[in-house]
Structure formats: structure tokens, C-alpha cells
1. What number, in percent, do you get for the relative contact order of segment 6-95 if the mean sequence gap of Cα pairs under 8 Å and at least 6 apart is divided by its residue count?
2. Per-residue HN-Hα couplings for segment 109-125, Karplus 6.51 cos²θ - 1.76 cosθ + 1.60 at θ = phi - 60°, whole Hz, x for Gly and Pro?
3. Quick one: net charge around Cys112, please, counting Lys, Arg +1 and Asp, Glu -1 for every other residue with C-beta under 15 Å from its C-beta.
4. For n ≥ 4 DSSP H runs only, could you compute -39500 (n - 2.57) per run for the chain, divide by its residues and tell me the 222 nm figure to the nearest 500?
5. Ignoring ligands, DNA and RNA, what percent of the accessible area of segment 233-326 is carbon or sulfur (1.4 Å)?
6. When the Cα atoms of the chain are enclosed in a convex hull and the volume is divided per residue, what value in Å³ results?
7. Over the chain, what is the relative contact order in percent, taking alpha-carbon pairs closer than 8 angstrom and at least six residues apart?
8. Using the Karplus curve 6.51 cos²θ - 1.76 cosθ + 1.60 with θ = phi - 60°, what ³J(HN,Hα) values do you get for each residue of segment 58-65, in whole Hz, with x for Gly and Pro?
Amino acid sequence: MKQIKTYENEKVLVLGLAKSGFSAAKLLNDLGALVTVNDGKPFEENPEAQGLLEQGIRVITGSHPIELLDEDFSLMVKNPGIPYDNPLVKKAKKLHIPILTEVELAYEVAECPIVGITGTNGKTTTTTMIGLLLNQERTAGKAHLAGNIGFPASEVAAKAHPDDDIVMELSSFQLMGIEKFKPQIAVITNIYEAHLDYHKTRENYVAAKWAIQENMTADDYLVLNWNSEELQALSPQTHAQVVPFSTNEQLDNGAYLLDGGLYYKDEKIMDANELGVPGAHNIENALAAIVVAKLKGVSNKGIKTALSNFHGVPHRTQYVDTINGRKFYNDSKATNSLATEMALSGFDNEHLILLAGGLDRGNDFDELIPAFEGLKAIILFGETKEKLAEAAERAGIQKIIMTTNVETAVPLAYEQSEAGDNILLSPANASWDQYPNFEIRGDKFMLAVKQLEK
């Protein structure tokens, strides 16, 4: 990593731990900063805080004392999940203390190029695809996944070598805390309405996503979803070279879907049905990944091999198993209607049984009615099952079955199925009414599928 002197003997407050805060605190300490870590979790329940204390880093846990900022800090590194209306953050802003997120530190020490991926949906799948593509024919170095995908960016950047690439998934929360961050290639998969509880307005949310290109120059590339009129309208505002991708139109200077084939400029790369993952949304993800791969010099053969062998990221239209001719797919990450609608687009509804339901956030599901039409059956659970049942009835679904949870839904779905059918968990809702997170919900689904084999 670059041995920068920026933080030497500077007093830095790291607010919030988890993986990114832990890594940021360690990196800052290695760079000679005088680090104080503040985390709300009590010390005895906080292994990250305990680990940092053992390394001689000052740790304050259990609360966020506002008087901490009387200590003349020159910088705050904030966990992305902590909102900007947090009292400590508000006071730091009032005191004109710079507030960064950990990805800014990663950029400052990285010796290799960064590919940054953001968007509302598809970030993790696209990031994973790009990582696989950039490693497909590599003769020197390695493409490392980092960021919101689960590998702290600063930790990855500190270990990466000059001939590597860092493929970094970036949330809107992370992008709000950048100053100099500049990827060589940036991808915006799409922009829909999300996280308004954090950003307050759609305009704020879009601005946070668009910040990924803020420091890019004419030597850099910005890969945009040309299906989005909003991104098309924003595109003249960047200094980067714009490379579009689309499933709706043929593009002279980008990637596109034409007659069932995936193309880059005028070259056919592969047939869409050769992708290892189903769904129209995964065609978009693949097109974005193809652009990055071509910009990085990966051959068409290498791209086809990698994308054909990619069978999905856990909990994102993930193939689970085939039991007596029935294929099971885990799309527990589908925590909103749009994600479920996109997942359904990859299947034949006549041979599909959908499992859905979860936390009631007050919305109805009218937008899902067209996507529901023709489903063989739907199994519903959780707080929203009555609302979803109403939408299913209006879609004309003949078999609507209510149950308790994901675990009980699986055997019911199997009973309604026959060889050749697909059974898809794509809840269209958050998990928190019954499960701590979507990963555990997906794990419960896969375990219930395994139980069918016994």
C-alpha cells in the first residue's frame, strides 16, 4: 500500500465499528494517526473493540458521548450505517470536522486501479461477475472483491499489489463520505427509489449514487444503464467517458441485447440463454460486467466461459438444488417489489411456484399484479401475506396458500409442484418480521429444501 503521511499524528475519531470501522481504525493506526474508536455496543459484547484495545487503540464503547468532540479531532471516519442526523455527526459538521467513510481511506492507500459499482439493485451480482471476468485470463496480479460485498475496502486496499484490481461494491451511504475517491471504471447498475428513511428525498439518494463519478476525468470510464432515462439525462454532467449498456436498444459504443444475443459494439459475445443465472435483471448485470471486461482487455471467449459458469451470488436468484425434477431458487435478497418483479421475469410463470411475504411497511403490491399473472401457485407468509393474497387474486392465480413462514412454505410448494417446475423464494419484503436479516431467511429456505431429500 501507499505509505501516505496524511494522517501521521492526526487525531481521528472512528465512529461505529463492525467490519469497516474495525479495518479503518487498524489502517489509520498503521498510518500513524492518534485513533479513538467510539461504538455503541458494550465492551463485553464487542469483540472488535476488544481486539483494537489489545493493539493499543483507544476505545470508548456503550454510548456516544457528545463531549468526545471537545478533544479537537481533525477527522471523523463514520460507519456508513450511522445517519448524518446522529448527534455526534451533527456536531462534527457544525465544528467543520471532515466526515469520511472507510472507502476514502481505501482509495488513498490503494496502489492499483479501482472498479467501483453502485446502483439500487444488482450491485453484488455485478461486482461478483466483474471479479470473475477480470480473473478469467489473468497472467499477473488478481482482481479482489471489496466494499459493501463484505470485504472491508481499506483492508483489501492495504494488501493489494500494483498489478491487481480492486472491484468495489459501493452503497449510497459509503459514497456520501468521499472527497478524492476516484475509480478507473465506475458502474451504475440502475437507480430506483430506496433508502428514503436515510436520505430523506429521492434527490438526495440519486446525488449520493451519482457521487461515484465526481472526481473522474476523461481518462476514466463511466458505465451507465441506458434503460434509465434518469441516467441518460445525468450523463452529460460527467467528465468521464460514458459507456452505456441496454436491453432495449442497439448501441454503437456499448453493450446491448439483440435477438437473444449479448453484444459489445458490433461483436456478439454469447447468447443470453447461455448465462448461468436466470432473469432479465441478470442480463443487465451481465451487460454491465461485459463492458468492464472489454475495457480491461478480456477476450470474448473468456467472458463467455466466466458468465456461463457463474450460477449466482447467495440469496440472489441462487440455484439451490433439483429434487425429483423440481428446481429450487433462493432470491431472499428480494426485499422490495421491484426485485421480485425482476426475478419473476427470468421464469415461465406456468411452471413457477412463488414463495413471498415478510415485513409490512405499509405499501400495497398492485405493481406486482402483472408479474403474478399465470403463476402456477403462490405460497404466502409473514405480515404481508393478506395484502399479497389480494394482489394474487386480482392477478387470477388459482392456488393461493397461506402459511406461517419460509420453513413451512417449502413443503407446501413441493406438494403443489411436479417435475419440470421451478420453486422460487423471492419475498418482495424485508425479513425483519420473522428473521434477523435476509441471509438467515435464505438459509432457512435452503435448509428446508435439503429436508425434502430425507
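The values are calculated or read from the model by the stated rules, or taken from the named source; none is laboratory data. As the structure is a computational prediction, the values presented were derived from the model and not from experiment. Note: ideal-geometry Cβ built from the backbone for every residue, glycine included; neighbour counts use all protein chains shown. Note: areas computed on protein heavy atoms with side chains; ligands, DNA, RNA excluded. Shrake-Rupley method; radii C 1.70, N 1.55, O 1.52, S 1.80 Å.
1. Relative contact order, segment 6-95: 33 percent.
2. 9, 5, 9, 10, x, 10, 9, x, 10, 9, x, 7, 10, x, 4, 5, 5
3. Computed value for this residue: -1.
4. -9500 deg cm²/dmol
5. Carbon-and-sulfur percentage of accessible area, whole number: 43.
6. For the chain, the hull spanned by Cα atoms encloses 158 Å³ per residue.
7. Answer for the chain is 11 percent.
8. With coefficients 6.51, -1.76 and 1.60, one gets 5, 10, 10, 10, x, 6, 10, x Hz.
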